[in-house]
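Colleague: Please read through the structure below; I'll follow up with questions.
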Amino acid sequence: MLRRGLWVGPAAVVVVGLAVFGAAAAQPTAPVAASAAAGHYDRLCLACHGTAGDGQGPAAPWLWPPPRDLTSGRFKWRSTPLGAAATDDDLATTIRHGAPGTSMPAFGDVLADAEIDALVALVRGFGGGAPALRSRARRRRRPTVIAPS
């Protein structure tokens with residue numbers, strides 16, 4: 001086809017298409033977008049952990065032990081000492097391998113590492129990041145006993 005001195009034919013369209021596709025394919029793989037992580041959460045996690053991540057999903061009443069409340073920032077399966085926050089690797093390991101003795105399945109066979117990392121970031125967001133855990137043990141003040149004089 002000749003239009004204003006420019007010939008565009010099927011071969012030109014193929015060449016331009018290959019150039020665009022080749023440039024896109026040459027780009028490094030970007031990290032999984034937050035929207036993709038939200039989609040994975042909706043599909044794989046929401047039924048148990050709920051839309052707010054509070055462990056009150058539609059399936060939660062039928063699970064024992066109950067699903068983890070992700071908004072608290074407390075995670076049972078961790079490599080850190082008591083009182084310290086779980087690491088991103090701890091959360092990724094739990095997502096990848098599940099939690100034995102609970103209803104938390106392993107997702108390592110269905111999610112790529114980048115997708116698991118994106119889910120870890122999303123889970124961290126429920127609790128406002130990675131707060132340091134506080135010990136549940138509270139110190140009680142003992143009354144001061146004054147001996148009679």
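Colleague: For segment 111-149, which positions are part of a loop (DSSP other than H, G, I, E, B), at pLDDT 70 or above and within 14 Å of the chain's Cα centre (by Cα)?
Modeller: Within segment 111-149, Leu111, Ala112, Gly127, Gly128 qualify.
Colleague: Search segment 40-80 for residues being among the aromatic types (Phe, Trp, Tyr) and surrounded by 15 or more Cβ atoms within 10 Å (Cβ to Cβ), and hand back the single one that is farthest from the chain's Cα centre (by Cα).
Modeller: Residues of segment 40-80 among the aromatic types (Phe, Trp, Tyr): 41, 62, 64, 75, 77.
Filter once more, so that each one left must be surrounded by 15 or more Cβ atoms within 10 Å (Cβ to Cβ): 41, 75, 77.
Values: Tyr41: 7, Phe75: 13, Trp77: 15 Å.
The selected residue is Trp77.
Colleague: Now for a different question. Please find, within segment 81-97, the residue that is surrounded by the fewest Cβ atoms within 10 Å (Cβ to Cβ) out of those that are over 13 Å from the mean Cα position of the chain (by Cα) and over 18 Å from Gly125 (Cα atoms).
Modeller: Pro81
The values are calculated or read from the model by the stated rules, or taken from the named source; none is laboratory data. Here the structure is a predicted model, which means the values were calculated and not measured. Note: ideal-geometry Cβ built from the backbone for every residue, glycine included; neighbour counts use all protein chains shown.
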